[in-house]
Amino acid sequence: MILTGRKISDEASKGLIILDPFCEERVTSNSYDLALGSNYIVYDEQIIDPFEKPSFQMKEIPKEGLLLNKGDFILCESQERVGSEHYVPIIHAKSGTARAGLFVHVTADLIDIGSIGKITFQLYATLPIKIFSGMLIGQVTFWVPYGEIKLYEGKYQGSTGPVASLTYLDYV
């Protein structure tokens, strides 16, 4: 069951949902709008080996924006810390962002219950598009879990910025 915007706002005020910083104007009918942060990651290699730690560069989106060309892929942080120990967050693109040809979360849209930190958006441009720090790019919905809750304790817990793939740690 999805939470309504009013319920998201109520649960955030009680500390049951983490949206920090919280801005009431970003609450929609059944989601909360997320802003793009300023830091992003670009992989150095054309081929990513899931058994090896990837090489990458951390960069900052310039004030005049960052042009993503068709086929570009970067990892970018959200401005907000997001999470909950009571609800399951799911990340989506804002409709306007998707219609402009930008994938916001290529496939990993589920945020495990108990995971709290900045979101790492997986940005993939299907058309040339300019992005800016602070632009409203995505949204998060919150879902009621059914069954016994086991809180997330994984390798991405507590992210304070964009995080490159840590898949290689699954094979150590």
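The values are calculated or read from the model by the stated rules, or taken from the named source; none is laboratory data. Quick caveat, the model's predicted, so the values are computed rather than measured. Note that we place each Cβ from the backbone using ideal geometry, even for glycine, and neighbour counts take in every protein chain shown.
Here is a list: 9, 29. Which entry is assigned to a helix (DSSP H, G or I), modelled with pLDDT of 95 or more and touching a helix residue (DSSP H, G or I) at 6+ places or on another chain (Cβ under 9 Å)? Outline the logic, then answer.
On the way: 29 fails: assigned to a helix (DSSP H, G or I).
Within the list 9, 29, the selection yields 9.
Does residue 89 count as part of a loop (DSSP other than H, G, I, E, B) and not hydrophobic (A, V, I, L, M, F, W, C)?
Details: part of a loop (DSSP other than H, G, I, E, B): no; not hydrophobic (A, V, I, L, M, F, W, C): yes.
No: the conditions fail for residue 89.
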Handout entry: Output for the range 124-158, where each listed residue is touching a residue at least 60 places away in the same chain (Cβ under 8 Å) and surrounded by 19 or more Cβ atoms within 10 Å (Cβ to Cβ)
Key = 131, 133, 137, 138, 139, 140, 141, 142
Handout entry: Subset tally (residues that are part of a loop (DSSP other than H, G, I, E, B), closer than 24 Å to residue 169 by Cα and without any contact (Cβ under 8 Å) to a residue 24 or more places away in the chain) for the range 50-77
Key = 1
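Residue-by-condition table, conditions (1) within 21 Å of residue 20 (Cβ to Cβ); (2) out of contact with any strand residue (DSSP E or B) (no Cβ under 8 Å at 6 or more places or on another chain); (3) modelled with pLDDT of 95 or more; (4) among the hydroxyl-bearing types (Ser, Thr, Tyr):
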{"position": "62", "(1), (2), (3), (4)": "no, yes, yes, no"}
{"position": "102", "(1), (2), (3), (4)": "no, no, yes, no"}
{"position": "106", "(1), (2), (3), (4)": "no, no, no, no"}
{"position": "121", "(1), (2), (3), (4)": "yes, no, yes, no"}
{"position": "129", "(1), (2), (3), (4)": "no, no, yes, no"}
Exercise for the section: Just name the residue that is surrounded by the most Cβ atoms within 10 Å (Cβ to Cβ) out of those in the range 16-61 that are among the polar types (S, T, N, Q) and under 16 Å from residue 141 (Cα atoms). Expected result: 31
Fill in the blank from the handout: Given (1) farther than 20 Å from residue 119 by Cα; (2) in contact (Cβ under 8 Å) with a residue 24 or more places away in the chain, residue 82 misses just (1)
